[in-house]
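This report concerns only the one structure given below.
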Amino acid sequence: MEGELTLFALDASRDFGAKVAQALGLPLAPHEERAFEDGEHKSRSLVNVRGRDVFVVQSLYGDARESANDKLCRLLFFVGALKDAAAARVTALVPYLCYARKDQKTKPRDPVTTRYVAALFEAVGADRIVTIDVHNLAAYQNAFRCATDHLEAKGLFVEYLRPRLRDAAAVVVSPDIGGVKRAERFRIALVGALGRDVPLAIMEKERSAGVVTGQALVGDVAGRVAVVIDDLISTGTTLARVAAACRSRGATRVVAAATHGIFSEDANARLAEPALAEVVVTDTVQPFRLTEPAARQKLVVLETAPLFAAAARRIHEGGSIVELLGD
């Protein structure tokens, strides 16, 4: 695309944005975020963006300083300000997309919040959204009328796990039926990296009113390292159940790999349980809630900023990001 590539990172995601900028070989463009006494705020670019191809980094998870809603509003208003300042195109780089789990009605009169968030981005003029490993890819792609790109962390997980599984039999485990496609894509990538067959196992899971049930495990995990693959870890309840089931059926070790480490509520206690040997996540969400030493020592955090930088470069140059997915 014609027009200079310009990269901003809002304050809440400045560290992540700085890594993206470093990978691109560009400085972060300066901007101002000003808070008012009544809780309102404004954000604006401090450089001329007329005719430029602009990318804005903001990960939309709640932390001690700002809620997910606060971060979403700041990103929306900043995107709108950039469009009003005549930016040629504005792309939001969103490592963690809030409300992506609420993508369908499961109870009477339920909201479909994913669609509402999409409408908000469209209302302020966002031209493109880039995120990684959303909960439901089809729902994400169908919710937005503007362009979307979807990155995957499976290549990062395979790269990390390959030397650790070189001399060990492995099995990929989906924690529920809904995650089978994700697990199968990861399994295929792992097979390619290891050069040998890796079977798939599936854990039964039913969730109602926040209560998780189901004990059946389909597939053979005995004598193998079980790699449980998921999009995110919240309370850790599902992961703890799968780890215990795998170990009770003879798995030699259980490793969890999930893109987004939310680590809410009881995650500290759940992930500290001895059935789980290692938890591998990415830096889309800072793991500040995981404070229990027994859980923290199992944690490995992989960087996704270079992946987002590569995506931004290809989008700017009119290229395809398919190669980045490792397919």
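The values are calculated or read from the model by the stated rules, or taken from the named source; none is laboratory data. All values reported here derive from a predicted model rather than from experimental measurement. Ideal geometry is used to build each Cβ from the backbone, glycine not excepted, and the neighbour counts take in all protein chains shown.
Residue 59 is checked against (1) modelled with pLDDT of 95 or more; (2) more than 19 Å from the chain's Cα centre (by Cα); (3) of a type outside the set (A, V, I, L, M, F, W, C); (4) under 21 Å from residue 144 (Cβ atoms) and fails just one. What number does that condition carry?
(2)
It is to be established whether one or more residues within segment 143-152 are in contact with a strand residue (DSSP E or B) (Cβ under 6 Å, 6 or more places away or on another chain), on the phi > 0 side of the Ramachandran plot and not assigned by TED's automatic domain parsing to the domain that holds residue 253.
Scanning segment 143-152 turns up no residue that is in contact with a strand residue (DSSP E or B) (Cβ under 6 Å, 6 or more places away or on another chain), on the phi > 0 side of the Ramachandran plot and not assigned by TED's automatic domain parsing to the domain that holds residue 253.
Mind listing just one residue for me: the one in segment 138-159 that is hydrophobic (A, V, I, L, M, F, W, C) and under 20 Å from residue 312 (Cα atoms) and, of those, surrounded by the most Cβ atoms within 10 Å (Cβ to Cβ)?
Step by step, filter segment 138-159, then rank; the result is 153.
Scan (1) assigned to a helix (DSSP H, G or I); (2) touching a helix residue (DSSP H, G or I) at 6+ places or on another chain (Cβ under 8 Å); (3) at pLDDT 95 or above for the single condition residue 247 breaks and write down its number.
(2)
Looking at segment 218-230, I want the residues that are more than 18 Å from residue 185 (Cα to Cα) and among the small types (Gly, Ala, Ser) and have a partner that is modelled with pLDDT of 95 or more and buried (at least 24 other Cβ atoms within 10 Å of the Cβ) with Cβ atoms under 9 Å, at least 6 apart or on another chain. Which pairs are those?
Pairs found: 222/251; 223/251.
Residue 27 fails exactly one of the following numbered conditions: (1) buried (at least 19 other Cβ atoms within 10 Å of the Cβ); (2) not in a helix (DSSP H, G or I). What is the number of that condition?
Going through the list (1) buried (at least 19 other Cβ atoms within 10 Å of the Cβ); (2) not in a helix (DSSP H, G or I), residue 27 breaks only (1).
For residue 251, indicate whether it is closer than 30 Å to residue 105 by Cβ, of a type outside the set (Asp, Glu) and buried (at least 20 other Cβ atoms within 10 Å of the Cβ). If you could, list the steps in order and put the result at the bottom.
Values: closer than 30 Å to residue 105 by Cβ: no; of a type outside the set (Asp, Glu): yes; buried (at least 20 other Cβ atoms within 10 Å of the Cβ): yes.
It is false that residue 251 is closer than 30 Å to residue 105 by Cβ, of a type outside the set (Asp, Glu) and buried (at least 20 other Cβ atoms within 10 Å of the Cβ).
Go through segment 74-103 and report how many residues are among the aliphatic types (A, V, I, L, M) and either in contact with a Pro (Cβ under 7 Å, 6 or more places away or on another chain) or closer than 11 Å to residue 131 by Cα (or both).
In the first step, residues of segment 74-103 are kept if they are among the aliphatic types (A, V, I, L, M); the result is 75-76, 79, 81-82, 85-88, 90, 92-94, 97, 100.
Adding the requirement that they be either in contact with a Pro (Cβ under 7 Å, 6 or more places away or on another chain) or closer than 11 Å to residue 131 by Cα (or both) leaves 92-94, 97, 100.
Result for segment 74-103: 5.
Looking only at segment 43-87, count every residue that is of a type in the set (S, T, N, Q) and surrounded by fewer than 20 Cβ atoms within 10 Å (Cβ to Cβ) and tell me the total.
To start, the set of residues in segment 43-87 that are of a type in the set (S, T, N, Q) comprises 43, 45, 48, 58-59, 67, 69.
Add one more test, that the residue is surrounded by fewer than 20 Cβ atoms within 10 Å (Cβ to Cβ), and what stays is 48, 67, 69.
Of the residues in segment 43-87, 3 are of a type in the set (S, T, N, Q) and surrounded by fewer than 20 Cβ atoms within 10 Å (Cβ to Cβ).
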